[in-house]
Structure formats: structure tokens, C-alpha cells
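The structure under discussion appears below in the form of C-alpha cells.
The values are calculated or read from the model by the stated rules, or taken from the named source; none is laboratory data. Bear in mind that the values here come from a model prediction, so they are computed numbers and not experimental data. Neighbour counts are summed over all protein chains in view; Cβ atoms, including those assigned to glycine, are modelled from backbone coordinates with ideal geometry.
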Amino acid sequence: MAGSVEQNTGVEHKITFCRICEPLCGMIATVEDGTLVALRPDKDHPLSSGFACQKGIAFTEVVNDPDRVTVPLRRTGDGFEPVSWDEALADITTRLSTILRDHGSGSVGWYFGNPGAFSYAHVLSALGFIKGLGRRTHFFTASSQDTNSRLMASQLLYGTPISVPIPDLTRTELLVVMGANPVVSHGSFLTAPRIKDRMHDIVKGGGRVVVIDPRRSETAAQFEWCGIVPDTDSHLLLSLLQVMFAEGLVDVGQIAAHADGLDWLRTQAAPFTPEVTQAFTGIDADVVRALARDLAATPRAAIYGRLGTCAGRYGTLTSYLIDVVNLVAGNLDKPGGSVFGSLGLPGQRLVNVMMGAFLRRAYRRKRSRIGGFRALIGSEPAAVMAKEILTPGQRQIRALFVSAGNPVLSVPNGSELENALESLDLAVALDFYLTETTSRCDYILPVTTMYERDDFPLTFQAFQATPFRQATEAVAKPVGQSRQEWEIVGELMRGLRGHSPVFRAVAATGKALNLLGIEAGPRVVADGIIRFTGGGNRFGLRPGGLTFGRLTDRHPHGKVLAPHLKTGVLKQAISYPRGRIQLMHNDITAEIAMLSQGAHPGEFPLRMIGMREARSENSWMHNSPLLMRGDRRQYGLINFDDAAALHIDDGQEVQVSSPYGQISVPVTVTKDIVPGVIAVPHGWGHKGTGGWRLANEAGGANVNQLTSSDPDDVESMSGMAWLTGVPVRIDAP
Ligand SMILES: Nc1nc2c(c(=O)[nH]1)N[C@H]1C(S)=C(S)[C@@H](COP(=O)(O)OP(=O)(O)OC[C@H]3O[C@@H](n4cnc5c(=O)[nH]c(N)nc54)[C@H](O)[C@@H]3O)O[C@H]1N2
Ligand SMILES: Nc1nc2c(c(=O)[nH]1)N[C@H]1C(S)=C(S)[C@@H](COP(=O)(O)OP(=O)(O)OC[C@H]3O[C@@H](n4cnc5c(=O)[nH]c(N)nc54)[C@H](O)[C@@H]3O)O[C@H]1N2
Ligand code: SF4
Ligand SMILES: [Mo]
């Protein structure tokens with residue numbers, strides 16, 4: 001059975017999966033003569049078992065959107081004109097050749113947005129292109145607005161950014177969710193279909209889910225809510241440690257067997273008694289003590305943090321402390337605790353040691369031109385991308401590719417970036433919409449959507465709560481003239497062969513593979529990874545094991561590899577040669593020292609946080625009528641007491657100002673948010689010239705006009721943008 005469950009008169013029902021967000025829910029695509037006509041959840045998917053959210057179902061409207069870009073577009077004075085692929089690619093490679101000849105590879109940059117991470121072929125080809133052009137190219141990703149601080153914490157503790165523990169969701173008895181809203185986000189840095197049900201299972205089994213959040217989020221509303229002042233999580237976590245040490249709740253021998261620096265840690269935590277931190281966090285000392293005791297006493301407990309703990313001023317410190325509290329409470333690498341997934345490679349430890357050493361070396365050696373940020377996972381902070389374009393000098397960016405991203409709305413200081421894009425010699429977007437970003441580019445190269453390409457979710461394999469493999473073939477034919485990103489990159493590489501030995505090698509390898517009857521392209525790599533990792537056929541050594549083809553042919557609904565993640569694998573996850581966790585770092589000492597100094601500017605007495613919405617996906621699903629029904633608009637959220645003090649009525653438009661910018665937004669007044677906080681959804685403020693009409697009509701404001709692109713406001717260790725807890729003032733007009 002090749003992934004197609006029914007067939008009559010040109011209508012097929014094809015088994016596949018959604019790739020909008022991380023649970024990767026199973027889907028059945030109804031396809032008529034190659035055209036996607038409907039999507040429904042896959043009842044036979046072993047993990048999502050018949051669940052899909054509104055965005056997943058609405059995706060047919062994205063695929064068939066009348067506003068979708070389906071032919072290559074070239075910018076004219078005040079609009080766009082269709083051009084042929086040949087013409088577009090010839091002009092782009094000619095202009096790029098000139099830029100490379102005159103200014104070198106340091107004049108080229110690539111911004112890789114969030115949806116790109118869901119396509120193995122896009123990841124591999126974009127990396128191949130930008131790294132193949134030369135060492136001096138610029139590479140930015142959405143990660144510096146999302147996960148960099150989390151990756152940095154792992155690099156410090158385990159020696160490698162790619163060992164990130166996740167909660168053992170199906171076995172835990174106490175889950176502390178800190179700065180995440182899985183009921184709306186469906187989980188992040190954590191692939192767990194039906195995550196809401198999994199959390200309810202914890203409670204049904206007699207356990208608890210505690211949500212630490214400035215807002216009584218949709219998740220907090222279903223479980224136990226503990227309100228917190230934004231950007232004070234590090235204080236809370238240090239006081240949890242203080243209590244655990246002071247009350248003798250720590251099994252020192254057990255921890256010392258795996259980690260260096262425990263005494264240093266105890267000294268660092270000592271001043272942060274719950275009475276001291278209460279003044280910062282707003283959380284009662286008694287609540288902190290009780291939580292510390294519960295975390296230490298419950299055999300299966302885990303703290304899980306995500307965007308809310310990553311995107312504050314102390315994102316790396318907070319992420320680091322989450323793991324450290326899990327460790328000290330005896331919950332790291334334990335069933336039901338915070339555990340490490342892995343690809344299940346043979347010699348996993350050796351691979352980790354080598355990879356970590358390579359990444360740490362790059363981190364030490366490479367620095368960004370603007371702000372001197374170190375290269376975490378080989379990338380630069382997107383917060384300073386505009387300045388990299390606008391600041392003259394060696395390695396000034398003159399040509400920029402943007403694939404699967406809308407940085408004008410997603411990175412701090414959107415208008416600065418908008419102007420920067422206009423100043424480039426060449427800007428090329430790989431996208432299927434004319435957005436705030438792409439409509440500032442010289443070319444828009446139309447790409448396929450996820451249902452028009454094959455896939456294997458490589459990026460998310462090690463972050464699955466239940467080890468699982470699924471792959472899919474393309475289920476619909478490409479709409480219009482759209483092409484896959486890797487095919488476009490392949491053409492660019494061919495056109496620029498003269499500039500890169502890597503591109504010449506890629507071309508030669510492709511030729512050799514074709515001679516052997518193997519279709520050249522990134523699928524060979526994905527297939528190799530499936531064969532080599534957990535459940536794979538190890539190139540014949542494990543007969544009956546998985547390959548890309550076998551997954552799509554024999555296991556179209558996917559295959560569960562094991563009921564649970566393995567524990568007792570800590571040493572494998574660590575990249576430091578001695579295989580021990582390193583707690584002590586001068587940078588962490590410095591961050592802890594800064595905690596007590598961070599004064600809040602008096603003229604901006606409130607703090608702004610983000611708010612994800614069930615019917616949005618960052619900036620890019622606001623053109624779907626299904627998702628926009630009911631005349632949806634962007635609203636901020638403020639507390640009753642603040643509204644009363646400021647004489648603001650429910651629904652009123654207010655002006656929100658930060659030290660960095662200003663927006664206008666209507667507000668909803670609620671008791672479900674900590675006083676002193678305003679929550680504003682990101683991804684609004686559409687003005688894609690000539691593009692998505694419904695999104696443009698819905699308007700709204702770009703909340704990232706309130707965030708800062710000043711290098712001093714970017715987290716120094718990880719290059720992470722500062723997106724939550726930003727000081728603001730509210731004025732009624
Ligand atoms: N529906 C929907 N789903 C999505 C997305 C979407 O746009 N819409 N985006 C996807 C993406 S790209 C990502 S990265 C994930 C993110 O997934 P999550 O991190 O689960 O989602 P967020 O809604 O950003 O959750 C952050 C929570 O942290 C809280 N918070 C803010 N500041 C602080 C703080 O200082 N401390 C604490 N403790 N909490 C704080 C916020 O109130 C919010 O409830 O979601 C993914 N899923
Ligand atoms: N203030 C604030 N800012 C934030 C956040 C926040 O919580 N608050 N969240 C941050 C986070 S976590 C993230 S991940 C970023 C997201 O930031 P970005 O990734 O920069 O932006 P998106 O809104 O996800 O835009 C995705 C673009 O990709 C296109 N696209 C969709 N699918 C594909 C595809 O398969 N191929 C190609 N080539 N294009 C495709 C869409 O049309 C859209 O133009 O935003 C960050 N910005
Ligand atoms: S939860 Fe995410 S993966 Fe599942 S259907 Fe919705 S958008 Fe798709
Ligand atoms: Mo994200």
C-alpha cells in the first residue's frame with residue numbers, strides 16, 4: 001500500500017502529515033487529478049490518532065490561495081511583473097557573480113525562516129549553498145528569535161547545542177510548564193501530538209501540571225496557574241535551588257557522579273532565598289518552598305520551558321537554570337523527568353563529541369561584524385541583520401536571500417529592516433506569498449507548499465516524546481510554476497560554479513550518482529539518515545529496517561520505534577571529552593550578577609509579552625478565510641486594574657510605547673493577566689504590497705516596532721533577540 005487509501009475517478013485519499021508546527025499531525029489529503037482539494041485528520045496515525053487543528057485543516061486554502069505567487073516575479077518601479085524561470089535565474093546569477101567578484105562572499109547573506117526547518121531538503125540545500133559560497137557569508141535563522149538561548153544553555157552544560165532535554169511527557173507525574181503555552185502552540189522543541197490530552201493524562205493519573213506564566217494562558221486555564229512577573233524566571237529558579245540546598249533535599253553524591261561545579265552552584269544560589277526573589281517575581285515564598293519540595297520529592301517530575309523563558313533578557317541563564325533545577329532535584333535523565341532524545345546513531349557518543357567540539361570551536365573563533373556576537377550553530381543574530389546590510393565596510397551585505405521567512409514582522413525593529421532591504425543591490429525571496437518582506441525584494445521565486453514535496457522531518461527527530469518515524473511523498477503536483485527550494489538552489493549552484501569548489505564538487509557528485517542510476521539530490525542524504533539511525537536498515541545489516549522508501553510504502557501512517565525515550569543516556573548526550581556536565585561558567589556568574597542590577601525604567605512602567613493565537617502561525621496564515629472568519633483582528637490584553645488606573649475601556653485603541661518604538665492596538669481588558677503586563681500577538685501589521693489581500697485588510701500593528709535591534713539589547717552569549725518583558729508605557733489617545 002503506497003500511502004493512497006482509495007482510488008476512483010481521479011480522486012485519491014493520500015496519507016501524509018502536516019508540517020505547520022511541531023506535532024506533525026497525521027493527515028489524509030484528498031487529491032483530484034493532482035490538485036489538493038481537502039485535508040482531514042488521519043484516524044490511523046499512531047500518535048495524533050484523528051487530531052488536527054484548524055490551521056492544519058485550513059491549509060487547503062493556502063495551497064489554492066488566489067493570492068499565492070505561482071510564477072517567478074520581478075520587481076518593477078511600483079509593482080511586479082511575471083518572468084520566466086530561465087530569465088529570473090540568469091539575471092540573479094549574473095548579478096550575484098558581479099557582487100561576488102567585486103566584494104567577495106562576505107557580501108552575501110541568507111535569512112532562513114521557521115517553515116524552512118520543516119523541510120529536510122530546504123535545510124540541507126540552503127546550508128550547502130551559503131556555506132559552499134565561502135567562509136565569510138552571513139547566515140541568519142529564525143532561531144535567534146526562538147531557540148538560541150536554549151541551544152546556548154546546552155552548549156554550556158553538555159558541550160553541544162544539540163543536546164536539548166525534553167519532558168518525558170507520557171511518564172511524568174509533575175510537569176511544570178514555564179513560559180510555554182502548549183494548548184495553543186501544540187508544543188515546541190517537543191514533538192508530541194495531542195499534547196493537551198497528554199497533559200490531561202498526567203492529571204487523570206493523579207499527577208499535576210503547574211503553569212508558570214504572566215498570563216493565565218489557555219494552558220494555565222486548564223491546569224494550575226502560577227502568575228509571574230515577566231523576565232524574572234531566573235530569580236524563581238535560583239530560589240528553587242536555594243531551597244533544595246538549604247533544606248538538604250539534594251542527593252549530592254548522585255549529582256557529583258555526573259556533574260562538576262556543584263559547590264560553586266550552591267554558592268551562586270545562596271543569596272536567592274524565596275523572600276528575596278518574591279520582590280522580583282511576585283511569587284509568595286511559601287509557594288516557592290512548596291514547589292521546590294515537590295520537585296525534589298516527586299520521583300517523576302520535570303520543568304519544561306519554551307519561548308517565554310528563552311526570549312527574555314536572561315534567556316540563556318533561564319534555560320540553563322531549568323536544566324540545573326531538573327538535575328539538582330534528581331529529575332534529569334530519569335523516567336518521567338527531563339530526558340534526552342537521540343537519533344539513535346551507532347557510536348552516538350563519539351558523534352556528539354566530534355560535533356560538539358566542532359561547534360564550540362566555531363563559537364570561539366567566529367564573531368559577527370556588528371556587535372561581535374559569537375557564531376552559535378554557525379549562524380548570526382537576525383536582530384542585527386539590518387545593520388549588517390546598512391553599515392559600510394568589509395563584509396557589508398549587498399545581496400540577501402530570504403527563504404521561508406518574514407523578518408520584517410518577526411525580528412526586532414521591522415521598519416529598520418524594511419529600509420535595509422530597499423538598499424540592497426539584490427534581494428531574492430523564496431516564498432509563495434507577497435509579504436511585508438518579500439514585496440521589498442527584487443525577485444520572488446515561487447516555491448511549493450509542504451503537500452507538493454516529499455518530506456522527512458529531520459529537524460525534529462531527537463525531540464519526540466515518543467520515538468517515531470514518518471516520511472511522505474509529495475501528495476499534490478506543484479501549483480503553477482512553483483519549484484522546491486532545493487531545485488532552485490541547485491540551479492543557483494550550477495550558475496555560480498565558477499565561484500565555489502564546493503558547488504563544482506556537488507555537480508560532480510550529482511553526475512556520478514546519476515551514472516549509478518541514483519537520483520541526485522538531498523533525498524539521498526535523508527534516506528541515508530533514516531537507514532543509519534534508530535530503526536533504520538543500516539544499509540542491509542538490519543534486514544527489514546527502515547529506508548525512506550520503506551517508510552512511505554509500508555508505514556505510511558508512520559512507525560513508533562519505542563514506547564518511551566531511553567533514560568540513563570546522559571553520558572551519550574554530553575560532548576565534553578570527560579562526559580560530565582559542566583555547571584561552572586564565568587558567563588553564568590556574570591549573568592547572575594546582572595540579575596540584581598536590572599532596573600526597570602520608570603517612564604515605561606509596564607512590561608510587554610507575546611501571545612500566540614490558535615488561528616495564527618507567526619505571520620503567515622492570515623490570508624486564509626477559514627482562519628480569519630468572524631472579522632478577526634489583533635488585540636492586546638491588559639489587566640482590569642491597569643485599565644482602571646489608565647482610564648482605558650475594553651476594546652479601546654491605545655498607544656503602546658517602548659524606549660525603541662511605538663504602536664497602536666485595541667485592547668481587551670481581563671483579570672487573566674498579571675497586573676503591569678500587556679500581551680500583544682506578533683505577526684500582525686500586514687502590508688505586503690500587491691500581496692495577501694485578506695491579511696492586508698486585517699491590518700494590525702507590528703509588535704516588533706517595540707523591540708530593540710541595538711546590539712546591546714541582544715543577549716550577548718547566544719545572540720537571542722529580546723522579545724519578552726520589554727518595558728512599555730500605555731497611553732489612551
Ligand atoms: N497557534 C500557533 N501555534 C504555534 C505558533 C503560532 O504562531 N501559533 N508558532 C510556533 C512557533 S514558531 C513556536 S516557537 C512555538 C512556541 O511555543 P510556546 O513557547 O509554547 O508558545 P508561546 O505562546 O510563545 O508561549 C510562551 C508563553 O510564555 C509566556 N511568557 C511570556 N513571557 C514570559 C516570562 O518572562 N516568563 C514566563 N514564565 N512566561 C512568559 C507567555 O504568556 C506565553 O503563554 O509555537 C509554535 N506553534
Ligand atoms: N515579538 C515577537 N516576535 C517573534 C516571536 C514572538 O513570540 N514575539 N516569535 C519568534 C519565533 S518563535 C519565530 S519562529 C519567528 C518566525 O519568523 P519567520 O520565520 O521570519 O516568519 P514567519 O511568520 O514564520 O514567515 C514564514 C514565511 O515563510 C513562508 N512559507 C511558508 N511555508 C513555506 C515553505 O514551505 N517554503 C518557503 N520557502 N516559504 C514558506 C510564508 O509564506 C511566510 O512568508 O518569529 C519570531 N518573532
Ligand atoms: S497542530 Fe500543528 S501539525 Fe497539527 S494540524 Fe495543527 S498546524 Fe498541523
Ligand atoms: Mo518559533
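Every condition in (1) outside any loop (DSSP other than H, G, I, E, B); (2) surrounded by fewer than 24 Cβ atoms within 10 Å (Cβ to Cβ); (3) not assigned by the TED database to the domain that holds residue 93 holds for residue 387 except the one numbered (3).
Put simply, of 558, 521 the only residue that is modelled with pLDDT under 95, closer than 24 Å to residue 453 by Cα and surrounded by 15 or more Cβ atoms within 10 Å (Cβ to Cβ) is 521. Picking from residues in region 113-132 that are hydrophobic (A, V, I, L, M, F, W, C) and buried (at least 24 other Cβ atoms within 10 Å of the Cβ), the one that is farthest from residue 582 (Cα to Cα) is 129.
Taking region 34-64 as the range and being more than 14 Å from ligand 1 (Cβ to nearest atom) and either at pLDDT below 95 or of a type in the set (Gly, Ala, Ser) (or both) as the test, the residues that pass are 34, 38, 48, 49, 50.
Within region 195-254, the only residue that satisfies the criterion of being over 23 Å from residue 168 (Cβ atoms), assigned to a loop (DSSP other than H, G, I, E, B) and among the polar types (S, T, N, Q) is 232. Checked across region 240-257, the condition of being within 16 Å of ligand 1 (Cβ to nearest atom) and assigned by the TED database to the domain that holds residue 305 holds for at least one residue. Screening the candidates 647, 557, 622 for the property of being in contact with a helix residue (DSSP H, G or I) (Cβ under 6 Å, 6 or more places away or on another chain) and over 30 Å from residue 318 (Cα atoms) yields one hit, 622.
What helices (runs of 4 or more DSSP H), lying completely within region 275-329, carry at least 2 residues that are under 20 Å from residue 591 (Cα atoms)?
On the way: elements: 285-297, 307-310, 315-328.
Hits in region 275-329: 307-310, 315-328.
Screening the candidates 302, 290 for the property of being aliphatic (A, V, I, L, M) and without any contact (Cβ under 8 Å) to a residue 40 or more places away in the chain yields one hit, 290.
Contact map, region 62-82: residues that are more than 12 Å from residue 434 (Cα to Cα) and touching a residue at least 24 places away in the same chain (Cβ under 8 Å) paired with residues that are surrounded by 17 or more Cβ atoms within 10 Å (Cβ to Cβ) and of a type in the set (A, V, I, L, M), Cβ distance under 6 Å, separation 6+ or inter-chain. Pairs shown: 63/36. Taking region 629-720 and the strands (runs of 3 or more DSSP E) fully enclosed by it, the elements with 3 or more residues that are modelled with pLDDT of 95 or more and closer than 30 Å to residue 75 by Cβ are at 662-670. The set of residues from region 525-553 being assigned to a helix (DSSP H, G or I), surrounded by fewer than 16 Cβ atoms within 10 Å (Cβ to Cβ) and free of Cβ contacts under 8 Å to residues at least 60 places away in the same chain comprises 528, 539, 540, 549. Going through (1) within 16 Å of ligand 3 (Cβ to nearest atom); (2) closer than 20 Å to residue 75 by Cα one by one, residue 89 falls short only on (1). Is at least one residue of region 66-83 more than 26 Å from residue 552 (Cβ to Cβ), aromatic (Phe, Trp, Tyr) and surrounded by fewer than 17 Cβ atoms within 10 Å (Cβ to Cβ)? Scanning region 66-83, I find no residue that is more than 26 Å from residue 552 (Cβ to Cβ), aromatic (Phe, Trp, Tyr) and surrounded by fewer than 17 Cβ atoms within 10 Å (Cβ to Cβ), so the answer is no.
Counting the residues of region 102-139 that are touching a residue at least 12 places away in the same chain (Cβ under 8 Å) and away from ligand 2 (no atom under 16 Å from the Cβ) gives 13.
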